[in-house]
Amino acid sequence: MAKLLVCAGEPSGDLHAARLVEECLQIDPTLQIDGIGGERLAASGAVLRADLADRAVMGWLPVLGQMGSILHHASGFVEELLRDPPDQLIVIDYPGLHIHLATIAGRLGIPVTYYICPQVWAWAPWRIRRIAGCADQLLVVLPFEEQLYRPFHPSVHHVGNPVFDSLADAGPVPALEGSSGNPILALLPGSRRQEVRAGLPALLEASRILVSHHPGLETWISCQRENLIPEIDAILADHSQVKVHVGDARALQARARLAIVCSGTATLETAWHGIPMVVAYPANQLQRSVYRMLAVAPYFSLINLFAGRELVPELLFEPGDGAAIARLATPLLDDQRASELTQELKTIRAEKFHPGASQKAARQILTLLEEHSVR
């Protein structure tokens, strides 16, 4: 019986890991699959060894704050590899931890697949070579990434983006309890505590400005995980009119008149529903300078990368600068501009938002498993 170990270090990775496990088991039900991730991975058929999905952080200072926990889990991971090595390790995004784990596994002779290679081209292109060097195969989710990684690795496969698998199979949009029926301004600050702390105050300031000019707007915040509620509630102390939806973000994404979205898969989810949006991510002056100097891609938002142009406004904003976000969002409240953008988003969805990534990734993983089993 072949054994896989699947590692997901954050909530979005946990979701994609779960679907990947389901597809692998669909192809080969005899597989034994262990997981390091969260509750979705645990429900997919994998045996959860550690829950890391809620500890996801970005940036070197937050990582230092979690270092004790990370080292504890890393040491346990190494012990498990030595005691009962899998036939293949699959790591999903989250380079801060997974590059190290993949490197250790490689030194122990364990085949490694890197699925959803990190978007280092946006903020640390020098890490491309290191990511390529730590895995036996790379499964990328954006078409241009195949050409980006190819000079550094002979086995790079574009499998598509698994977010479209989830959207295609999601079923009816859940109800939005408490809505008055007014047009909705949806704020999607991200799924990490760090993102919420850094970005949500500015998103709320932007909403205050927008609502002052468009009094009919009703502001809602998407909180995808219950353990973020205290974080959001603390920030909302002076915003009594703002409502919070906990759970499936589609309840807001499908009904919003306008959305302000942190960069990431949420931009693709919002585009799937044809909702006009501004993509805004907090970054200080140094971070913005580094991005402008080092970025390989012309845009940081996934929706603009798919479109191949600046289809929606995007902004790396100074934390607290809600006015800058509001300036970009205001034109999208014009009915004609909103209608035009909605139609453009629907066209992009029809042309480029294709499901099937998880199944393609699963087949590549099992192909590598078979190749190593016959050696």
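The values are calculated or read from the model by the stated rules, or taken from the named source; none is laboratory data. Since the model is a prediction, treat every value here as computed from it, not as a measurement. For neighbour counting, all protein chains shown are included, and Cβ atoms are generated from backbone atoms with ideal geometry for every residue, glycine included.
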(request) Among the residues of region 121-134, write down those that are surrounded by 20 or more Cβ atoms within 10 Å (Cβ to Cβ) and at pLDDT below 90. (result) 121
(message) Just the residues that are in a loop (DSSP other than H, G, I, E, B), among the polar types (S, T, N, Q) and under 22 Å from the mean Cα position of the chain (by Cα), please, taken from region 169-208.
(response) 191
(request) Take the residues in region 288-319 that are in a loop (DSSP other than H, G, I, E, B) and of a type in the set (Asp, Glu), then tell me which one is modelled with the lowest pLDDT. (result) 318
(request) Tally the residues that are at pLDDT below 95 and either outside the structural domain of residue 207 (by TED's automatic domain parsing) or under 28 Å from residue 92 (Cβ atoms) (or both), restricting the search to region 320-350. (result) 0
(request) Run down 45, 9, 35, 13 and say which single residue is farther than 16 Å from residue 115 by Cβ and either of a type in the set (Gly, Ala, Ser) or touching a Pro at 6+ places or on another chain (Cβ under 7 Å) (or both). (result) 45
(request) State which residue is surrounded by the most Cβ atoms within 10 Å (Cβ to Cβ) when the search covers only region 267-287 and only residues that are out of contact with any Phe, Trp or Tyr (no Cβ under 9 Å at 6 or more places or on another chain) and modelled with pLDDT under 95. (result) 284
(message) If I ask for residues that are β-branched (Val, Ile, Thr), over 20 Å from residue 205 (Cβ atoms) and not in a loop (DSSP other than H, G, I, E, B), which ones from region 259-280 would you list?
(response) 265, 267, 270
(message) Let me spell it out: the conditions are (1) touching a strand residue (DSSP E or B) at 6+ places or on another chain (Cβ under 8 Å); (2) modelled with pLDDT of 95 or more; (3) surrounded by fewer than 17 Cβ atoms within 10 Å (Cβ to Cβ), and residue 26 meets all of them except one. Which number is the exception?
(response) (1)
(message) Cβ-Cβ distance below 8 Å, separation of 6 or more or different chains: which pairs start in region 15-31 with a residue that is in contact (Cβ under 8 Å) with a residue 12 or more places away in the chain and end on one that is among the basic types (Lys, Arg) and assigned to a helix (DSSP H, G or I)?
(response) 15/40; 17/40; 18/40; 27/363
(request) Filter region 318-375 down to residues that are closer than 16 Å to residue 270 by Cα, surrounded by fewer than 18 Cβ atoms within 10 Å (Cβ to Cβ) and among the basic types (Lys, Arg) and give me whichever is farthest from the chain's Cα centre (by Cα). (result) 346
(request) Only one of these is free of Cβ contacts under 8 Å to residues at least 24 places away in the same chain and at positive phi: 160, 171. Name it. (result) 171
(message) With the requirement that a residue be part of a helix (DSSP H, G or I), touching a residue at least 24 places away in the same chain (Cβ under 8 Å) and of a type outside the set (D, E, K, R), what does region 344-362 give you?
(response) 345, 348, 357, 358, 359, 361, 362
(request) Considering each of 50, 56, 17 in turn, give the residue that is modelled with pLDDT of 90 or more, small (Gly, Ala, Ser) and in the same structural domain as residue 360 (by TED's automatic domain parsing). (result) 17
(message) Based on this model, can you work out whether residue 215 counts as in contact (Cβ under 8 Å) with a residue 12 or more places away in the chain, in the same structural domain as residue 250 (by TED's automatic domain parsing) and closer than 19 Å to residue 240 by Cβ?
(response) no
